[in-house]
Amino acid sequence: MTAEPPVFRPLTPSDLESVVDLARRVWQDTYPGIISQAQIDSMLAARYHPGALGEYLAAEDRWFELAETAGQLAAFCACERHCGEYKLDKLYVDPDRQRNGLGGQLIARAAERARSLGFPHMILAVNKRNAQAIAAYRKHGFSIRESVCVEIGGGFVMDDYIMQKPL
Ligand SMILES: CC(C)(COP(=O)(O)OP(=O)(O)OC[C@H]1O[C@@H](n2cnc3c(N)ncnc32)[C@H](O)[C@@H]1OP(=O)(O)O)[C@@H](O)C(=O)NCCC(=O)NCCS
């Protein structure tokens with residue numbers, strides 16, 4: 001049997017709960033061993049509830065896209081303008097659907113949008129210890145541009161690479 005191709009569509013307010021649910025599952029699958037559970041809980045509480053996502057979405061420069069397979073939310077991707085550059089800000093694929101090309105397709109769609117807006121490249125920030133994501137980003141055309149370590153309060157830091165993909 002051939003798998004159904006994914007359907008891509010913009011996030012709508014009625015999707016907020018399921019996006020929060022997917023984000024929480026992906027974070028809990030990905031980040032233990034990379035950051036502490038206290039930092040996971042703190043960042044999820046700050047960013048992943050319907051109110052915070054609604055506010056994120058309300059900003060003019062945001063582009064938030066969902067991928068569904070067989071009618072189920074499988075992945076999401078969010079981009080924004082950031083200090084004059086185009087940033088891939090969120091990319092999360094359901095743990096049961098990773099390594100099937102969905103992340104790559106969402107990156108390609110984000111890149112197409114950035115290109116159509118006239119940006120020469122696209123950037124993202126990824127935790128230095130997130131080897132799986134770094135490998136995926138390299139595969140899809142990004143390379144490491146710089147290393148940053150940003151304090152985010154509560155004694156937590158985001159110890160990231162900034163990666164860049166030419167368009
Ligand atoms: C990183 C992520 C978005 C990539 O999306 P994806 O749909 O899994 O990736 P694709 O199928 O497009 O690309 C596959 C590549 O990703 C990497 N990859 C994905 N899953 C992997 C895994 N379980 N183990 C090792 N590498 C993996 C590999 O480089 C792989 O290429 P390969 O199969 O030729 O080795 C996805 O794995 C994910 O959501 N991870 C958890 C959340 C996360 O870290 N998000 C990024 C935050 S900055």
Matching entry among Lys139, Lys165 (being charged (D, E, K, R) and within 10 Å of the ligand (Cβ to nearest atom)):
Lys139
For strands (runs of 3 or more DSSP E) lying entirely in the range 57-167, having 3 or more residues that are in contact with a helix residue (DSSP H, G or I) (Cβ under 8 Å, 6 or more places away or on another chain) and either surrounded by fewer than 16 Cβ atoms within 10 Å (Cβ to Cβ) or among the basic types (Lys, Arg) (or both) picks out none
Gln98: within 24 Å of Ile40 (Cα to Cα) and either away from the ligand (no atom under 14 Å from the Cβ) or modelled with pLDDT of 95 or more (or both), yes or no?
yes
Which members of the range 11-37 meet the condition of being at pLDDT 95 or above and not in a helix (DSSP H, G or I)?
Tyr31, Pro32, Gly33, Ile34, Ile35, Ser36
Filtering the range 56-77 for residues that are under 23 Å from Ile162 (Cβ atoms) and within 11 Å of the ligand (Cβ to nearest atom) leaves a count of 3
For Val93, indicate whether it is in contact with a Leu (Cβ under 9 Å, 6 or more places away or on another chain), within 7 Å of the ligand (Cβ to nearest atom) and within 23 Å of Tyr31 (Cβ to Cβ).
yes
Please count how many residues of the range 8-20 are open to solvent by 80 Å² or more (accessible area, probe 1.4 Å) and touching a residue at least 12 places away in the same chain (Cβ under 8 Å).
3
Determine if the range 64-74 includes at least one residue that is among the hydrophobic types (A, V, I, L, M, F, W, C) and at positive phi.
yes
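The values are calculated or read from the model by the stated rules, or taken from the named source; none is laboratory data. Just so you know, these numbers come straight off a predicted model, no measurement behind them. Virtual Cβ from ideal backbone geometry, glycine too; neighbours counted across all protein chains shown. Calculation scope for accessible area: heavy atoms of the full protein, side chains included, ligands and nucleic acids excluded. Shrake-Rupley method; radii C 1.70, N 1.55, O 1.52, S 1.80 Å.
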